[in-house]
Amino acid sequence: MIESAGSAKSRHLVVHDYGMGGLWWWIRAASAQQIVDTCAEVEVVTDPETVARAETWSLDELDIDALSADPALAALRDKRDGHRHRPGFGALAGRDRVHLDMPGEDGEDSRYLVEFGPDGRWLRQVELTGDGRGIRTDSANWPINPPIDLYDPQYAAMEIDASAFEDAWDRALPDPGDH
């Protein structure tokens, strides 16, 4: 995308990837960063093949200043607005790797040490089970890999050092389901 200086806007392909699918739009904005700053849980897609393919789709095109016209984008904008003034907002964004200690789902007696890439997608994980075992898996074991929003302040409090993740990874056993 060629963007000129000032307030000129250009069209960007944007996706909200929710795992089993995604919502796609063209959004006119001054920059890709403006879109990510405005909406939670979205990615600006720059892969030329994907952008060319999207040109053939019937996608809504919205201006960054008129996101209320789409209920999903309005909700993602409101979510970002709710994040903006909380401690930890954006603390993990822009990093090559992020390591988090995440709780298991309700009723689960496990924790997950997870390594994320700069796009918020899962790279490696150590499941720490209630009996103290660690099971390691990587992105090859995960067919659905929606990104987390690295601007979301909830994740800043879960951050761990890379060395703590690597120590757990080295001690963990491979997933017994792997062949």
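What number comes out for the charge environment of LEU59, summing +1 per Lys or Arg and -1 per Asp or Glu over other residues with Cβ under 12 Å away? Net of charged neighbours comes to -2.
Which residue, ALA93, ALA72, ALA140, tops the fluctuation ranking in a GNM of the chain built on C-alpha contacts under 10 Å? Highest fluctuation among the options: ALA140. Spatial offset of region 150-179 relative to region 61-89 amounts to 30 Å, using the alpha carbon center of each.
Please list SER58, SER139, SER110 in order of solvent-accessible area, largest first, computed with a 1.4 Å probe with all protein chains present. Before the final figure, lay out the partial values.
On the way: SER58 120, SER139 55, SER110 20 Å².
Reading off the accessible areas and sorting them downward yields SER58, SER139, SER110.
For region 63-114, the list of trypsin sites (Lys or Arg not before Pro) that fall in a loop by DSSP and count at most 15 other C-beta atoms within 10 angstrom reads ARG84, ARG95, ARG97.
Each helix, a run of at least 4 DSSP H residues, gives -39500 (n - 2.57); summed and divided by the residues of the chain, these come to -6000 deg cm²/dmol at 222 nm. Applied to region 45-54, the Karplus parametrisation 6.51 cos²θ - 1.76 cosθ + 1.60 on θ = phi - 60° returns per-residue 3J(HN,Hα) values of 8, 10, 4, x, 5, 5, 4, 5, 5, 5 Hz, with x for Gly and Pro. Here region 5-160 carries DSSP beta bridges of which approximately 90% are antiparallel, counting only pairs with both residues inside.
Give the angle, between 0 and 90 degrees and rounded to the nearest 10, that separates the Cα long axis of helix 71-83 from the longest principal axis of the Cα atoms of the chain. That works out to roughly 60 degrees.
By accessible area of protein heavy atoms, probe 1.4 Å, what ranking do SER163, SER10 get, highest first? Walk me through the numbers on the way to the answer.
Details: SER163 70, SER10 15 Å².
Highest to lowest solvent-accessible surface, that is SER163, SER10.
Excluding the sites themselves, what is the longest stretch of the chain that contains no chymotrypsin sites (Phe, Trp or Tyr not before Pro) in a DSSP loop with at most 13 other C-beta atoms within 10 Å? If you can, show how the numbers build up before the last one.
Values: sites that count: TYR18, TRP57.
Counting at most 13 other Cβ atoms within 10 Å as exposed, the longest clean stretch of the chain is 58-179.
Under the combined filter of DSSP loop state and at most 12 neighbouring Cβ atoms within 10 Å, region 73-154 retains these GluC sites (Glu not before Pro): GLU105, GLU108. Given (i) 20.7, 83; (ii) 18.5, 58; (iii) 15.9, 63 as candidate values of Rg and Dmax of the Cα atoms in Å, which corresponds to the one derived from the coordinates? Identified label for the calculated read-out: (ii).
The values are calculated or read from the model by the stated rules, or taken from the named source; none is laboratory data. Predicted model, so just to flag it, every value in this text is computed and none were measured. Every residue, glycine as well, gets a Cβ built from its backbone with ideal geometry; the counts of neighbours run over all protein chains shown. We work out accessible area using only protein heavy atoms, side chains counted, and drop any ligands, DNA or RNA first. Shrake-Rupley method; radii C 1.70, N 1.55, O 1.52, S 1.80 Å.
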